[in-house]
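Input: a single structure, listed below in structure tokens.
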Amino acid sequence: MTMFEKIRTYPLTWIVVVALVLAFALTMASPYFLTSGNINNLLKQVSIVAILAAGQSMVIITGGIDLSVGSVLALSAVTIGWLIQADVHPLIATFCGLAMGTLCGFINGFIITRGRIAPFIVTLGMLGIARGMALVITGGVSYQILEPLFLTIGNSKFLGLPIPIYFVIVTYFVIHIVMHYRVFGQHIYAIGGEERVARLQGIKVDREKLKVYTISGFLAALAAVVMVGRLAATPPSVAQGIELQAIAAVIIGGISFTGGRGLVLTALVGALIMAMITNGLNILGISSFWQQVLIGVVIIAAVWLDNLKSAARQ
Amino acid sequence: MNQPVPLVEMRNISKHFGGLQALTDACLDLYPGEVVGVLGHNGAGKSTLMKILAGAQTASSGEILINGDVADIQDPNDARAYGIETIYQELALCGNLDAPSNLFMGRELHKWGFLRKREMRREAAEALSKLNIRIKSLETDVEMMSGGQRQSISISRAVHFDAKIIIMDEPTAALGMEESKKVVDLIQDLKEHGIGILWISHDIHDVYNFTDRIVIFHGGKNVMTARTKDFTQDEIVSMIISGTPVKKEAAV
Ligand SMILES: Nc1ncnc2c1ncn2[C@@H]1O[C@H](COP(=O)(O)OP(=O)(O)OP(=O)(O)O)[C@@H](O)[C@H]1O
Ligand SMILES: [Mg+2]
């Protein structure tokens, strides 16, 4: 393969081009778009969905789906809030919040692999369970979080960039390494490609899937930490429906919904594109009703394009 | 006479899928450096018996001995640990991955869990070139390859990892003449290295010329186990079809 061919067929190339064209168009449409204030705002907006989308990509590449991430995020956030209002040290509270999300992910994976139940159904169940638990723990109230740790995460900058962006960068860096340089990642692609074959070749399919759902739960909890920082509060109703945004980011990124194919980094660009659409239309004063319409169109168009690409492959 | 210990001995293997009895007291043995042809009509239970040996399925009853000791084969990893490699009838490759990834699937070369991609690529190129497989680029996903190219990758995978026992479930079915010839040569070569081969094929001509013994199944039951040359091709075909052994003085 020539260098040009490599670049042309690399999954990240086209999605980045689309993102750049969109950014350029928005800059032309409004001089406000490219101001540092707006870009910072955009990056903060994108961070939570982007972190969730990283976990969601791994799950989707195995051929599964995780509908529970929004609820798990809420349960983790509420755990942190509840412990902090009970005077627990914020670091310990954060640790417990992360543990809670990880546990939820583990339970998802455990039931999917042991019970042989479709991921859609198990994580739909968890969507209800985790949200319900968040409401039960708090009785529906939101705790205010004024701990410096969380105020820093939510409002400070480091080297000119908002702190949540560093969460995103580290997340994608680690997941990219895992997916493309580790045996585990290789197994994830094999499982998504043909699970039966992976099993016949001695891959411990259930164990690898369990790990993937656990990681998705952990990342939901990590997103919760960012969320608590940004809101300075832990409303149990937070992040409803955000799982659909994470899934949309993955799809727009071009990761195959049937599994086995795609690059996790494209989900980050997918999340950015969605955030740019929302942000751009806000700047242009177009109603949020239209934003939903447009994002819907983009999702379908992305998959259509993907189908055309795979048709060309065959 | 001092009989060597068989590499594999499958004793009274039965297998049912719900109400369907696929195998009834099936027996089979294999000695080092021997090619045994496993024959039978479609649905006779050949693949099922091979899958049980490969750990892809478990028997309902019966036992397997490897080198004379009872072997506990619950999954493909157990079988591999006994040096059993399998070329499955239905292709066992992931279409979304390239040839090296498929070749090393489940036993990737790594250091601390980090893939040694370059080494795997080099070894894969070597393994494939042994079979004279023409593949444009090692980076191509195997779903874009022809049936024969894919089959060749399966075969390379089976022979690459120092197998003692190789199961070939219709390995040449998707191959052209030249490639089939390569596989037959390969079988001879493996045989000389003391590897035992179980070869399922419907090509009676190949079976007759290149196997030492045959085991014939009919409806999941043994019909005949014999030295290949004790029968004529016609007699073998007739046993496969009728399921009743041809009477012969010389039969073992
Ligand atoms: N997973 C399964 N579930 C249910 N029945 C099965 C399964 N696998 C095989 N069978 C049945 O078991 C019987 C034996 O099948 P098997 O695949 O072993 O035949 P075979 O001898 O390999 O035939 P062929 O020459 O067509 O490959 C058939 O009747 C088949 O329908
Ligand atoms: Mg068969």
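If you check B:GLU85, B:GLU63, B:GLU9 for being outside any loop (DSSP other than H, G, I, E, B), away from ligand 2 (no atom under 16 Å from the Cβ), within 13 Å of chain A (Cβ to nearest Cβ) and not β-branched (Val, Ile, Thr), only one passes: B:GLU85. Within the range B:12-43, the set of residues being within 12 Å of ligand 2 (Cβ to nearest atom) and buried (at least 24 other Cβ atoms within 10 Å of the Cβ) comprises B:VAL38, B:LEU39, B:GLY40. Scanning the range B:154-210 for residues that are within 16 Å of ligand 1 (Cβ to nearest atom) and within 14 Å of chain A (Cβ to nearest Cβ) returns B:SER154, B:ILE167, B:ASP169.
Looking only at residues that are open to solvent by less than 50 Å² (accessible area, probe 1.4 Å) and in contact with a strand residue (DSSP E or B) (Cβ under 8 Å, 6 or more places away or on another chain) in the range B:162-182, which one is farthest from ligand 2 (Cβ to nearest atom)?
Applying the first criterion (open to solvent by less than 50 Å² (accessible area, probe 1.4 Å)) to the range B:162-182 yields B:163, B:165-172, B:175-176, B:180.
The next check asks that each one be in contact with a strand residue (DSSP E or B) (Cβ under 8 Å, 6 or more places away or on another chain); those that pass are B:163, B:165-171.
Values: B:ALA163: 20, B:ILE165: 18, B:ILE166: 16, B:ILE167: 11, B:MET168: 11, B:ASP169: 6, B:GLU170: 7, B:PRO171: 12 Å.
The extreme case among them is B:ALA163.
Considering each residue of the range A:191-202 in turn, at least one proves to be among the acidic types (Asp, Glu), in contact with a Gly (Cβ under 9 Å, 6 or more places away or on another chain) and within 12 Å of another protein chain (Cβ to nearest Cβ).
Considering only the range A:1-108, give the helices (runs of 4 or more DSSP H) lying wholly within it that have at least 2 residues that are within 14 Å of chain B (Cβ to nearest Cβ) and surrounded by fewer than 20 Cβ atoms within 10 Å (Cβ to Cβ).
On the way: elements: A:3-9, A:11-29, A:36-61, A:69-85.
Helices (runs of 4 or more DSSP H) meeting the threshold: A:3-9.
Mind counting the residues in the range A:256-296 that are open to solvent by 80 Å² or more (accessible area, probe 1.4 Å) and within 22 Å of the chain's Cα centre (by Cα)? Reasoning before the result, please.
Filtering the range A:256-296 for residues open to solvent by 80 Å² or more (accessible area, probe 1.4 Å) gives A:257-258, A:282, A:289-290, A:292.
Filter once more, so that each one left must be within 22 Å of the chain's Cα centre (by Cα): A:257-258, A:292.
Residues in the range A:256-296 being open to solvent by 80 Å² or more (accessible area, probe 1.4 Å) and within 22 Å of the chain's Cα centre (by Cα): 3 in total.
Flag: A:ILE215 does not match the condition of being away from chain B (no Cβ under 14 Å), at pLDDT 95 or above and surrounded by fewer than 21 Cβ atoms within 10 Å (Cβ to Cβ). Considering each residue of the range A:147-160 in turn, none proves to be in contact with a Pro (Cβ under 6 Å, 6 or more places away or on another chain), within 14 Å of another protein chain (Cβ to nearest Cβ) and part of a helix (DSSP H, G or I).
Counting only residues that are of a type in the set (A, V, I, L, M, F, W, C) and either within 8 Å of ligand 1 (Cβ to nearest atom) or more than 15 Å from the chain's Cα centre (by Cα) (or both), which one in the range B:24-62 is farthest from B:PHE231 (Cα to Cα)? Lay out the reasoning, then the answer.
Taking the range B:24-62 and keeping what is of a type in the set (A, V, I, L, M, F, W, C), we get B:26-28, B:30, B:35-36, B:38-39, B:44, B:49-50, B:52-54, B:56, B:59.
Checking the rest, the ones that are also either within 8 Å of ligand 1 (Cβ to nearest atom) or more than 15 Å from the chain's Cα centre (by Cα) (or both) come to B:26-27, B:44, B:49-50, B:59.
Values: B:ALA26: 21, B:CYS27: 20, B:ALA44: 21, B:LEU49: 24, B:MET50: 24, B:ALA59: 31 Å.
In this case the residue turns out to be B:ALA59.
The condition (being touching a helix residue (DSSP H, G or I) at 6+ places or on another chain (Cβ under 9 Å) and not in a helix (DSSP H, G or I)) is satisfied by just one residue among A:VAL269, A:VAL238: A:VAL238.
The values are calculated or read from the model by the stated rules, or taken from the named source; none is laboratory data. Here the structure is a predicted model, which means the values were calculated and not measured. With ideal geometry, Cβ positions are generated from the backbone for all residues, glycine too; neighbour counts draw on all protein chains shown. We work out accessible area using only protein heavy atoms, side chains counted, and drop any ligands, DNA or RNA first. Shrake-Rupley method; radii C 1.70, N 1.55, O 1.52, S 1.80 Å.
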